[in-house]
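In what follows, a structure is listed as structure tokens, so that the remarks can point back to it.
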């Protein structure tokens with residue numbers, strides 16, 4: 001489906017006083033003419049400003065325009081739908097807002113709304129290297145406008161001061177290829193490829209740092225070249241062998257010392273005493289825990305018993321209050337305070353509400369018996385809780401006695417072990433301490449190797465993550481390749497190339513000697529594009545006049561894509577001709593024949609919804625155009 005077209009109907013500037021200035025445009029070719037300093041360029045800059053330019057107004061419009069006018073409006077039509085665009089540069093809250101049909105929109109909101117109305121897909125494109133760290137920006141309406149609006153000062157490139165990558169993206173968008181070239185799959189492919197490169201770099205840096213730290217911390221020659229799991233295992237086993245050797249020597253010394261200690265302590269059963277001490281300490285810990293739990297249980301039950309007793313007291317108070325208040329009768333009317341006279345002294349109905357009085361036969365359970373029942377239940381429950389507390393108190397006392405007995409047994413065994421503790425201190429050789437220090441040092445190195453082994457496994461997790469993403473990349477590459485196969489770059493490029501050369505044919509017919517170059521060649525792919533004159537780039541081949549003709553051929557080629565199936569050119573062209581080009585070429589005498597091919601193009605039946613607005617010095621004799629003359633000179 002082709003993109004919708006945009007038509008500018010009117011542009012208005014509103015001053016603080018007097019009548020507003022207004023330009024009325026029509027579909028087809030519009031020419032804005034007038035001598036120098038009549039404000040043609042200022043009108044074009046205003047149109048550009050109305051199309052969402054948020055640069056400071058002082059950089060866009062002249063000081064005279066800014067001071068004289070308060071705001072501007074532009075009436076446009078997109079696909080037959082009228083829209084009103086407003087800009088208020090003197091309202092601080094609206095300086096950066098573009099108002100569309102009364103709704104203030106920010107830069108991004110306006111961009112999305114306009115592209116949506118034009119039926120141009122929103123895409124993201126790479127700036128420079130697609131695999132670089134920069135995120136892909138949105139290809140905005142402002143970027144596309146650089147190829148639609150040719151400013152008076154920019155006649156050196158197809159879109160001056162726009163990077164090649166952005167120019168390439170704009171061309172792909174106009175030619176209907178951007179949504180395929182910059183597809184979601186391609187974006188995911190780039191992101192995943194970037195992740196793989198980052199993970200590989202991270203893996204290399206991690207291993208390099210781990211190697212450096214490991215050699216410095218462990219100081220093992222077994223890991224001096226590279227850290228590998230077999231090398232770690234070999235170094236760990238080597239250290240463990242040294243630890244086992246030291247432990248055997250230590251054990252030999254301890255065995256000899258144990259015999260000496262047994263001799264000095266008359267053969268006391270050392271191992272048996274040690275086992276008993278361990279068991280008693282465990283029993284003591286269990287008794288302390290049990291005693292704590294018993295204490296908590298007693299506190300809970302005592303608290304509950306207090307609640308029950310308080311409830312019994314409240315019920316007793318309620319019973320007493322009932323006995324006091326029940327005989328009290330209503331003697332006076334609560335409304336008028338007059339004494340109530342009963343016409344039926346022995347009536348079974350209430351003398352006030354006339355409803356039957358409640359008796360023991362129609363109220364169910366007797367309230368007095370109900371209170372008595374509740375009291376009996378609560379007293380019984382309180383009695384049970386009291387007995388349970390006594391039982392648990394007895395258990396607590398038993399636990400205290402057991403704990404005291406256990407402490408006494410521990411003290412007794414510790415007294416028996418005292419000779420064993422004193423004897424070794426007198427006969428332990430200094431080698432034992434050295435062995436302990438060496439064993440501790442080696443064990444620490446083994447632990448460090450184990451930590452390095454765990455860290456080395458992170459390499460495996462990084463590898464697994466890389467492999468997982470690589471599988472996704474393979475699938476995405478297949479999908480992107482399939483999409484690129486379906487894109488006929490050559491045909492699309494040939495369509496634009498033919499349109500540009502058709503423009504040159506029109507020029508050659510009216511001015512045979514003006515274009516003395518070869519035909520234009522256009523090459524396009526998913527990464528770059530080239531305009532060539534013959535076999536050379538157009539920028540190195542052309543002079544002033546031929547550059548002017550080439551750039552107009554470019555705009556003619558783009559405008560020819562209007563209403564073409566699957567193309568996204570919005571059918572609008574804004575041209576502000578300069579008085580002369582950089583090489584001194586005068587443009588005034590070339591304005592008519594440069595625009596005549598556009599008149600023929602927009603007179604075709606399928607181009608009635610396209611529009612050109614061009615500004616120049618005279619355009620004398622240019623028939624078929626909507627001519628707007630400006631005569632006020634701005635100083």
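The values are calculated or read from the model by the stated rules, or taken from the named source; none is laboratory data. Since we're looking at a predicted model, the values are computed, not measured. Quick reminder, even Gly has a Cβ in these numbers, built from the backbone with ideal geometry, and neighbours come from all protein chains shown.
Looking only at residues in region 153-170 that are assigned to a helix (DSSP H, G or I) and touching a helix residue (DSSP H, G or I) at 6+ places or on another chain (Cβ under 8 Å), which one is nearest to residue 551 (Cα to Cα)?
To start, the set of residues in region 153-170 that are assigned to a helix (DSSP H, G or I) comprises 164-170.
Still in the list and also touching a helix residue (DSSP H, G or I) at 6+ places or on another chain (Cβ under 8 Å): 166, 169-170.
Details: 166: 18, 169: 18, 170: 16 Å.
Result: 170.
Conditions tested, residue by residue: (1) closer than 24 Å to residue 129 by Cβ; (2) within 40 Å of the chain's Cα centre (by Cα); (3) surrounded by fewer than 20 Cβ atoms within 10 Å (Cβ to Cβ).
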residue: 498; (1), (2), (3): no, no, yes
residue: 521; (1), (2), (3): no, no, yes
residue: 525; (1), (2), (3): yes, yes, yes
residue: 530; (1), (2), (3): yes, yes, yes
residue: 553; (1), (2), (3): no, no, no
Inset, instruction - For region 137-150, enumerate the residues that are surrounded by 17 or more Cβ atoms within 10 Å (Cβ to Cβ) and touching a strand residue (DSSP E or B) at 6+ places or on another chain (Cβ under 8 Å). - result: 139, 148, 149, 150
Inset, instruction - Given the conditions (1) in contact with a strand residue (DSSP E or B) (Cβ under 8 Å, 6 or more places away or on another chain); (2) at positive phi; (3) surrounded by 16 or more Cβ atoms within 10 Å (Cβ to Cβ), report the number of the one that residue 9 does not fulfil. - result: (2)
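Residue-wise test of (1) over 19 Å from residue 576 (Cβ atoms); (2) under 45 Å from the mean Cα position of the chain (by Cα); (3) buried (at least 21 other Cβ atoms within 10 Å of the Cβ).
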position	(1), (2), (3)
13	no, yes, no
20	yes, no, no
24	no, no, no
41	no, yes, no
46	no, yes, yes
52	no, yes, yes
58	yes, yes, no
Inset, instruction - Test residue 121 against the criterion of being surrounded by 20 or more Cβ atoms within 10 Å (Cβ to Cβ), in contact (Cβ under 8 Å) with a residue 24 or more places away in the chain and not in a helix (DSSP H, G or I), and give yes or no. - result: no
Legend entry - Filtered residues of region 324-358 (kept if assigned to a helix (DSSP H, G or I) and either modelled with pLDDT under 75 or surrounded by 10 or more Cβ atoms within 10 Å (Cβ to Cβ) (or both)): 325
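Tell me which residues, restricted to region 29-39, are closer than 29 Å to residue 607 by Cβ and surrounded by fewer than 20 Cβ atoms within 10 Å (Cβ to Cβ). Steps first, please.
Step one: filter region 29-39 for residues closer than 29 Å to residue 607 by Cβ, giving 29-34.
Residue satisfying the conditions is 34 alone.
Look through 315, 298 and report the one residue that is assigned to a helix (DSSP H, G or I), at pLDDT below 85 and touching a helix residue (DSSP H, G or I) at 6+ places or on another chain (Cβ under 9 Å).
315
Per-residue answers, yes or no, for (1) in contact (Cβ under 8 Å) with a residue 60 or more places away in the chain; (2) not assigned by TED's automatic domain parsing to the domain that holds residue 39:
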| site | (1), (2) |
| --- | --- |
| 134 | no, no |
| 158 | yes, no |
| 171 | yes, no |
| 190 | yes, yes |
Inset, instruction - From 535, 518, grab the single residue that is at pLDDT below 85 and under 16 Å from residue 497 (Cβ atoms). - result: 535
Inset, instruction - For region 97-109, name all the residues that are in contact (Cβ under 8 Å) with a residue 24 or more places away in the chain and either loosely packed, with under 14 Cβ neighbours inside 10 Å or in a helix (DSSP H, G or I) (or both). - result: 107, 108
Inset, instruction - Answer with yes or no whether residue 305 is modelled with pLDDT of 70 or more, within 29 Å of residue 392 (Cα to Cα) and surrounded by 12 or more Cβ atoms within 10 Å (Cβ to Cβ). - result: yes
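Looking for whichever is at pLDDT below 80, part of a helix (DSSP H, G or I) and surrounded by fewer than 15 Cβ atoms within 10 Å (Cβ to Cβ) here; the options are 408, 397, 431. Which one fits? Before you say what the answer is, go through the steps one by one.
Values: 408 fails: at pLDDT below 80; 397 fails: at pLDDT below 80.
So the residue among 408, 397, 431 that is at pLDDT below 80, part of a helix (DSSP H, G or I) and surrounded by fewer than 15 Cβ atoms within 10 Å (Cβ to Cβ) is 431.
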Legend entry - Checking residue 292 against (1) modelled with pLDDT of 85 or more; (2) closer than 30 Å to residue 369 by Cα, the condition it does not meet: (2)
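If only one of 539, 562 is under 48 Å from the mean Cα position of the chain (by Cα), touching a residue at least 24 places away in the same chain (Cβ under 8 Å) and in a loop (DSSP other than H, G, I, E, B), which one is it? Outline the logic, then answer.
Values: 539 fails: in a loop (DSSP other than H, G, I, E, B).
Testing whether each residue is under 48 Å from the mean Cα position of the chain (by Cα), touching a residue at least 24 places away in the same chain (Cβ under 8 Å) and in a loop (DSSP other than H, G, I, E, B) leaves just 562.
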